[in-house]
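Working notes for the structure below.
The values are calculated or read from the model by the stated rules, or taken from the named source; none is laboratory data. Quick caveat, the model's predicted, so the values are computed rather than measured. Note: ideal-geometry Cβ built from the backbone for every residue, glycine included; neighbour counts use all protein chains shown. Surface accessibility is based on the protein's heavy atoms, side chains included, excluding ligands, DNA and RNA. Shrake-Rupley method; radii C 1.70, N 1.55, O 1.52, S 1.80 Å.
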Amino acid sequence: MTSRARVSRRAFIGAAGTAGLAAAVGVPTVVRAQPKEILVGSIHPLTGPLAPDGTSVANGCQLAIEQKNAAGGIKSLGGARIKLVNADHQFKPQVGAAEAERLIREGAVALLGAFASAVAMQTSQIAEKHGIPHIVTVAVADEITERGFKTTFRVQPNATDMAVQTVKYVREVCTLKGVSFKTVAALHENTFGTALFNRVAKAAPQHGFEIVGNIPYAARAADLTTEINKIKAMNADLIFDSGYLNDGLLKMRTYRDLRVEPRGGIIGVANGCYSNPTFIKELGKVAEAIMDGNYWHNPTSAFAREVIKQYETRFSAPFQSHTVWGYNAALVLLDALERAASTDPAKLREAIAKTNLKQHIAPGDAIVFNEQGQNVNATVTMQQVQKGQIRVVLPKAYADADPIFPIPGWSKV
Amino acid sequence: MPSQYVIHLAVMILFFAYLGAAWNILGGYAGQFSFGHAAFFGLGAYTSTLLHIHYGVSPWIGMALGGLAGVLLGLGSGFLSFRYGLRGPYFALVMLAFAEMLRLLFETWMSRSYPLGLPIPLKGTSLLDFQFRDKGHYFYIILVMLIAVTWLCHRLARSRVGAYWMAIRDNEEAAQALGIDAFAYKLLAMAISAFLTALGGTFYAQYFLTLEVNELFGVQISVEILLSAIIGGAGTVFGPLVGAVALQLLSEVTRVYVRAFSGFDLMVYGGVLILVIIFLPQGLLEGMRRPYRAMARALST
Amino acid sequence: MSLSIEEGEIVSVVGANGAGKTTLLKAIAGLVRPTGGAVELRGERLDRLPTHRIVERGVVRVPEGRRIFPEMTVRENLELGATPPQARRKRPESLSRVWDLFPILRERARQLAGTLSGGEQQMLAIGRGLMSLPTLLMLDEPSLGLAPMVVKEIFQTIRRINADGVTILLVEQDVMHSLGMSHRGYVLENGSIVLAGGGPELLANQHIRTAYLGI
Amino acid sequence: MLILQALLSGLLNGGIYSLVAVGLTLIFGVMRIINFAHGSLMMLGMYVSYWLFVLWGVDPYLALIASGSVLFAVGVLIEAVLVSPVLEAPEHDQLLLTLGISLVIENLALFLWKADPRTVTVPYLAVAPMVGGIMISSPRVIAFVVSLALTAVLYVFLKRTDLGKAIRAVSQDREGALTVGINMRRIYALAFGIGCACVGVAGGLVVPFYAVDPYVGGVFVITAFVVVVLGGMGNFGGALLAALIVGLAESVAAVFIPAAMKQVVMYTIFVVVLLFRPQGLFGARRA
């Protein structure tokens, strides 16, 4: 499992430390002649509260790589196979850092990660130090690509995109349906939810919305009755809601119990719950008609539909929105390896920077990175649960259903 | 030159040995089992970092100021808990509550401007800014810190103060009957321990360069701090180091090699922890000494 | 150290603080395990039994410092004394026996034990011991911290208990009283027996008189 | 209306906290052990209920019997195999031991049941009724009532029965309990088992309104730790009252201060109590 891609890699990381700790960290094995195996590191939360999401992202990466291997590996490297090493960062930056160092030491040519901004800040920093490309699968903090790093790339839309595009869609859907809602109340988890809300608050006035109040809450609360009752009392046209899957299940039931039925409806802003199949599976009718501005796969693409089918067979688990970016990040890397015809980190980085990948599973044009390494065509879509299915309703180009708006309350679906 | 990975592992070992030793002064020598050292740790990290980011104060100065903040917090929480003679599990839980309270306060405060964590601006390598691209520098810094704290523990353990602490630990009433001001000496242990732990917070911040409230003030870090001291041997000079080596290697080896399924490594880690506590309740150091003593006895007869 | 007690006797063990008297009783009761040697009751080894089995065999200790249950009533304390199965069956009889011996306890039956006076607590502790139907009752410093009048009453009661057929092993600092009422006595110093003999004889012994009675 | 609703939901939450805390305080009172595995055990209780419902359609309230008994057995087993060897070891060892146990249980659950949150929807409790503008969350009301009833049963058991008195005797004076011939090992196993059964039932009660996942334990248990101290550690009635107070304080606080900080109120009460009544709000401290 520690076989190396190229001898030159070893020179780059220095004579591997065999002193003292060698027994604990693994002695390098002899380079296998062929077929060559290229090591890629994936760092995601596989245990801890983020484990369900982290696992699905890691599985997305896994699927793309398995498909490539099955199709004959990297042709420009003589059919080299790719091996994905899955590491668990336990939602701890400290563990993420250790795993990044280890994977690079073991000879990973690139890192994929990390589903938690705090961890991605670490792993990308370490990759930068070693000159190893790091493709961010999921992690929304804008700062990740704003530190002038040469090796950090992100395919996924960042926090600003998520917030701004969602607000824009909400105005669009209002116009489309000829309703004029103005007031918004926001309930948001107090880490990434607050990060999103801060941006929503800036974008809202530009689209004619007025934020009448917001309530941050700590994830994993035992009860949110009082919080949601306060939101209800704000009597706004719309409620914007950001949070994680677990909180979402609790909040949704509480909305229902408290009869919270705003005129426009409840709309998720990059909500970790509303675009998750588990949400519908667990809550059934309560989930019906809920909207969410989030990332999603491209339902109009036959390729995406095929990938989802294969994913669900391979992992016997539903394909989640997060999985899209695990899969796409891996696609970018595979495409770059093919074009670079080399595993040299500098050449690989150059190839990734020049990416123009049209065949991927997310909505939006080809994946193209700007100077900072952010995918300029990362597209947010508006989803809605319709008859137990998550449908894209905006933008029109990627929609597979018409929006139902204003969102009918529980009593009416 | 060893790889950055090996250096990172070494830094983590020394770092947790250092924190364990700092905890040990209060928990091991003075016998006051704190379950909330995260409070001092996080306070140190945030003090130096906020001063650095907002006022351009060098983290080295911030480190000292963070230490002082830790002392103040230590004296405050110590005053509250020792004044009423809270001990054992009571004291442990009270410290946990203090840490949780601080975590919530910082979470609310930080989430206004830094909801996704507080990044320290990257400067490359700069001694003044306590930042180095090469992990080797951090290794030497934490090594010096560990040696200093170990030397301090060694001296304290043999001093009058150390003797008083151990007397208080073994039997507080008896110690007081002998005229030892238990309250004052416990506060002293608290202050020293809090100061050193807060310095560790700054080191951690400068090493990782991103601060996340739930990590720095969380129960998890409180546990990790005391774990190396206890597993190694509470109230011994080298216990924290032995514990840190064992635990960090165990965690690393299980995470890298024991991967039958996600979480299996943590199960094994927990299992080993259980076994060590059942079979070596006095810690690894004592466990290592036992065969040595038996051998010495065999040789001498 | 070797020590034996015959049925129906009162045997005293005297000695200074730290001579090992309490440890001796604890070893017999199974609270501490002897590193060597044996404790036997009518030929049966006790030193490997758990404490509750030893109590079931009628070897009952009334510990130093009373060790009553402060937040339970006097009656509950006594009832808990009758924990061994055979004692439980005789609970009502034992209870009326204790009420007879200590009428004051009957008056305070519903009071929390922690609110009793020192002397009453000592009576409760002895009463609780009797509830376990002891064949051997071991008393650890029953006079400690009590007024002389109370001490006298306690010792009288101990004699009455013995007269009812309970063998008594008494550990005391009050050498005069305890040896005075004992059939036999042992003197313990630094964990070993330095003197043994009949109670009154020991009282007459010169060593005892100088070391313990200051005469 | 906001305040009334907050008072109600706070009181209901307090009921849940109380059952969790009562289990903790019993184990602490008898064995002097802070059981850090309490949360993981609650999670196990939740899964027992969940699976009975999903696999055989067992009514979650009927399943309480199962979650209580299974957790009782698990508790007795843990006590006998893992805790009893370290009873005489330094105090902190037992605490770390329970931490280790919790790591093992959590990750075992992760392996067996994956990390996805799962919920149970009790058909006859679908939508909470509204009474005079106040929402009455039926599963929370049931949880509250059962919690209180169970606490009362346990209280009577401890107060009235021989076995209960023996348990209290051990918590009041260990040496005294030894001298009257109480079988300590049996009492320890029993106390640990009952403490776990309490939290198992609490888990079962929570399932109808709170999603279960392998890490859910911390949600209710960290609060329960504070409750146990507030109530005067090892004090039964104290834990019950403290739980209700904490539940109320949290919920009412969320009306007035940023909701993410509502727990700060709980800790503030905690510090104030320490300042003025270090033995806890109720009952005496035993060193």
Being buried (at least 21 other Cβ atoms within 10 Å of the Cβ), more than 19 Å from A:LEU46 (Cα to Cα) and either touching a Phe, Trp or Tyr at 6+ places or on another chain (Cβ under 8 Å) or of a type in the set (S, T, N, Q) (or both) is the filter here, so list the residues in segment A:304-323 that pass it.
A:VAL307
Determine which member of the set A:LEU187, A:LEU196, A:LEU245 is surrounded by 23 or more Cβ atoms within 10 Å (Cβ to Cβ), in contact with a Gly (Cβ under 6 Å, 6 or more places away or on another chain) and either more than 14 Å from chain B (Cβ to nearest Cβ) or on the phi < 0 side of the Ramachandran plot (or both).
A:LEU245
Take the residues in segment A:265-298 that are out of contact with any Ser or Thr (no Cβ under 9 Å at 6 or more places or on another chain) and part of a loop (DSSP other than H, G, I, E, B), then tell me which one is nearest to the other protein chains (Cβ to nearest Cβ).
A:CYS273
Leading residue by the ranking (farthest from the other protein chains (Cβ to nearest Cβ)) among those in segment A:223-238 that are surrounded by fewer than 20 Cβ atoms within 10 Å (Cβ to Cβ) and hydrophobic (A, V, I, L, M, F, W, C)
A:MET234
Identify all residues within segment C:61-76 that are within 7 Å of chain D (Cβ to nearest Cβ) and either more than 21 Å from C:LEU31 (Cβ to Cβ) or in a loop (DSSP other than H, G, I, E, B) (or both); write none if there are none.
C:PRO63, C:ARG67, C:ILE68, C:PHE69, C:PRO70, C:GLU71, C:MET72, C:GLU76
Condition first: touching a residue at least 12 places away in the same chain (Cβ under 8 Å) and either over 30 Å from D:VAL228 (Cα atoms) or in contact with a strand residue (DSSP E or B) (Cβ under 9 Å, 6 or more places away or on another chain) (or both). Now tell me which residues in segment B:97-110 satisfy that.
B:MET110
Yes/no for C:MET138 being at pLDDT 85 or above and closer than 24 Å to C:ASN17 by Cβ
yes
Let me confirm something: among A:ARG314, A:ARG305, A:ARG339, which residue is among the basic types (Lys, Arg), in the same structural domain as A:ALA114 (by TED's automatic domain parsing) and closer than 30 Å to A:GLY131 by Cα?
A:ARG339
Hits in segment B:240-261 - residues which are in a helix (DSSP H, G or I) and modelled with pLDDT under 90
B:SER251, B:GLU252, B:VAL253, B:THR254, B:ARG255, B:VAL256, B:TYR257
Top-ranked residue of segment B:2-29 - restricted to ones that are under 23 Å from B:LEU209 (Cα atoms), touching a Gly at 6+ places or on another chain (Cβ under 7 Å) and among the hydroxyl-bearing types (Ser, Thr, Tyr), ranked as surrounded by the fewest Cβ atoms within 10 Å (Cβ to Cβ):
B:SER3
From D:LEU163, D:LEU148, which residue is open to solvent by 50 Å² or more (accessible area, probe 1.4 Å), aliphatic (A, V, I, L, M) and within 12 Å of chain C (Cβ to nearest Cβ)?
D:LEU163
Determine if segment A:350-357 includes at least one residue that is within 20 Å of the chain's Cα centre (by Cα), buried (at least 22 other Cβ atoms within 10 Å of the Cβ) and in contact (Cβ under 8 Å) with a residue 24 or more places away in the chain.
yes
Quick one: would you say C:THR73 is at pLDDT 90 or above and farther than 29 Å from C:ASP174 by Cα?
yes
Here are the criteria: (1) assigned to a helix (DSSP H, G or I); (2) over 23 Å from the mean Cα position of the chain (by Cα). Tell me which single one B:ILE180 does not satisfy.
(1)
Does at least one position in segment B:154-166 carry a residue that is in contact (Cβ under 8 Å) with a residue 40 or more places away in the chain, assigned to a helix (DSSP H, G or I), over 14 Å from the mean Cα position of the chain (by Cα) and within 14 Å of chain A (Cβ to nearest Cβ)?
no
Filtering segment D:110-131 for residues that are part of a strand (DSSP E or B) and under 24 Å from A:PRO277 (Cα atoms) leaves a count of 1
Does segment B:281-288 contain at least one residue that is touching a Pro at 6+ places or on another chain (Cβ under 9 Å) and surrounded by fewer than 21 Cβ atoms within 10 Å (Cβ to Cβ)?
yes
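For segment B:30-44, how many residues meet the condition of being away from chain D (no Cβ under 12 Å) and open to solvent by 10 Å² or more (accessible area, probe 1.4 Å)?
Qualifying residue count, segment B:30-44: 1.
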Can you tell me which residue is farthest from the other protein chains (Cβ to nearest Cβ) among those in segment B:215-257 that are within 11 Å of the chain's Cα centre (by Cα) and not aliphatic (A, V, I, L, M)?
B:PRO240
Of the conditions (1) surrounded by 17 or more Cβ atoms within 10 Å (Cβ to Cβ); (2) at pLDDT below 90; (3) in a strand (DSSP E or B), the single one that C:GLY197 does not satisfy is (1)
Please go through (1) closer than 26 Å to A:ILE38 by Cβ; (2) open to solvent by 10 Å² or more (accessible area, probe 1.4 Å) for A:GLY326 and return the number of the only condition it doesn't satisfy.
(2)
For residues in segment B:50-99 being more than 14 Å from every other protein chain (Cβ to nearest Cβ) and of a type in the set (Val, Ile, Thr), which is nearest to the chain's Cα centre (by Cα)?
B:VAL71
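Is segment B:251-266 home to any residue that is in contact (Cβ under 8 Å) with a residue 24 or more places away in the chain and either more than 15 Å from A:GLN90 (Cα to Cα) or not aliphatic (A, V, I, L, M) (or both)? Give the steps one after another, and end with the answer.
So in segment B:251-266, the residues in contact (Cβ under 8 Å) with a residue 24 or more places away in the chain come out as B:252.
Right, trim to either more than 15 Å from A:GLN90 (Cα to Cα) or not aliphatic (A, V, I, L, M) (or both) and you get B:252.
Yes, that holds for at least one residue.
To keep it simple, each residue is scored yes or no on (1) within 19 Å of the chain's Cα centre (by Cα); (2) more than 14 Å from chain B (Cβ to nearest Cβ); (3) open to solvent by 10 Å² or more (accessible area, probe 1.4 Å).
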| position | (1), (2), (3) |
| --- | --- |
| A:ASP88 | yes, no, yes |
| A:GLN94 | no, no, yes |
| A:GLU106 | no, no, no |
| A:ALA120 | yes, no, no |
| A:SER124 | yes, no, no |
| A:GLU146 | yes, no, yes |
| A:PRO157 | yes, yes, no |
| A:VAL164 | yes, yes, yes |
Search result, residues across segment B:207-239 that are of a type in the set (S, T, N, Q), closer than 25 Å to B:TYR5 by Cα and not in a helix (DSSP H, G or I)
B:THR210
